[in-house]
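Comments concern the structure below.
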2 protein chains.
Amino acid sequence: MSTAARALPHPDLVDVDLPQVLFALSDPTRLHLVRELDAQGPLSVAQCQAAGGDVPKSTFSHHLRTLREAGLIWSIPDGRRRTIELRRDEVDRRFPGLLAAVLDTDRAASSSDPGLPELHPAASVAGPTG
Amino acid sequence: MSTAARALPHPDLVDVDLPQVLFALSDPTRLHLVRELDAQGPLSVAQCQAAGGDVPKSTFSHHLRTLREAGLIWSIPDGRRRTIELRRDEVDRRFPGLLAAVLDTDRAASSSDPGLPELHPAASVAGPTG
């Protein structure tokens, strides 16, 4: 039996809006996968799943679908398998700087970070100006 | 009766992770509000709600809470009212370039955009390399 993987629908980036892309990136597993795809180039689904860590297969399929429907990845049939590829150039044209900021931020946020004050510099807010 | 608004907890930005911030920004109403706060400076809750459009008050309170818990806004008691302020500088230090990309992208995405091809340049993906 060699059932070929079927072609899946992919949105045109003009039909994708920013909240949908931000939502797709708002899950740690999906964000990690996007980073891996950006760093390593196209990966098989099995490689993606290995990179995704200890996530059930059905959950991982859902993550891939969320990324695909947000226009972030191609899921390309390759015989019985699929190749997953980040739509980096297209996403960059549609949402300039977004992936760069998210991927850079993601790296920066993984490293140690100096503490920031959590007290609001209050006086000016309560005042009559601004 | 003059019940003063109570102080609410705000996270230190070091305790906020990127997925949480992306999720907070992934709703159109919240994204719009962040843009308004960035453009106009601190606003009263009533002004925020007016800017947020036709959203039920309880839903809007939930949006403010989501933004506050993600470290994106201050919600500062001001007598019986509250002032909402974007934590722009802190967020910029913690996640450099993120808000700039999101806010710029949001503006860009609101304007008309040329169509992009939705066909994958397939051949290279199916090949043995990469």
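With bins 10 Å wide beginning at 0, the percent of Cα pairs of segment B:28-67 falling in each bin runs 32, 63, 5.
Per residue of segment B:63-75, in order, report the coupling 6.51 cos²θ - 1.76 cosθ + 1.60 (Karplus, θ = phi - 60°) as ³J(HN,Hα) in whole Hz, putting x for Gly and Pro. Rounded to whole hertz, the list is 4, 4, 5, 4, 5, 5, 5, 8, x, 8, 9, 8, 10.
For segment A:9-78, relative contact order (Cα pairs under 8 Å, six or more residues apart, normalised by length) works out to 49 percent. Centroid-to-centroid, using Cα positions, segment A:10-35 and segment B:8-61 are 20 Å apart.
Per residue of A:12-19, other chain Cβ atoms within 10 Å of the residue Cβ number 6 on average. Projecting 7 Å from Cα along the Cα-to-Cβ direction, the label point of B:Glu69 sits 2.3 nm from its equivalents in the other copies, listed shortest first.
Per-residue packing, averaged as other Cβ atoms within 10 Å, sorts the ranges A:3-14, A:79-90, B:7-18 into the order A:79-90, B:7-18, A:3-14, beginning with the highest. Peptide A:26-33 has a mean of 3 when you count, residue by residue, the C-beta atoms of other protein chains within 10 Å of its C-beta. Over segment A:1-100, the alpha carbon radius of gyration divided by the compact-protein estimate 2.2 N^0.38 Å works out to 1.03. Computed about its Cα centre, the charge dipole of segment B:3-84 is approximately 400 debye, with only Lys, Arg, Asp and Glu carrying charge at their Cβ. Residue separation of A:Ser44 and A:Arg65 scaled by 0.36 nm, minus their Cα-Cα distance, works out to 6.1 nm of gained length. Shortest first, A:Pro28 label-point distances to identical copies amount to 3.1 nm, with the label point at 7 Å from Cα along Cα→Cβ.
Every number here is computed from the coordinates shown, using simple stated rules; none is lab data. The shown structure was predicted, so the numbers you read here are calculated from the model rather than taken from an experiment. Glycine gets a Cβ as well: all are built from the backbone with ideal geometry, and neighbour counts include every protein chain shown.
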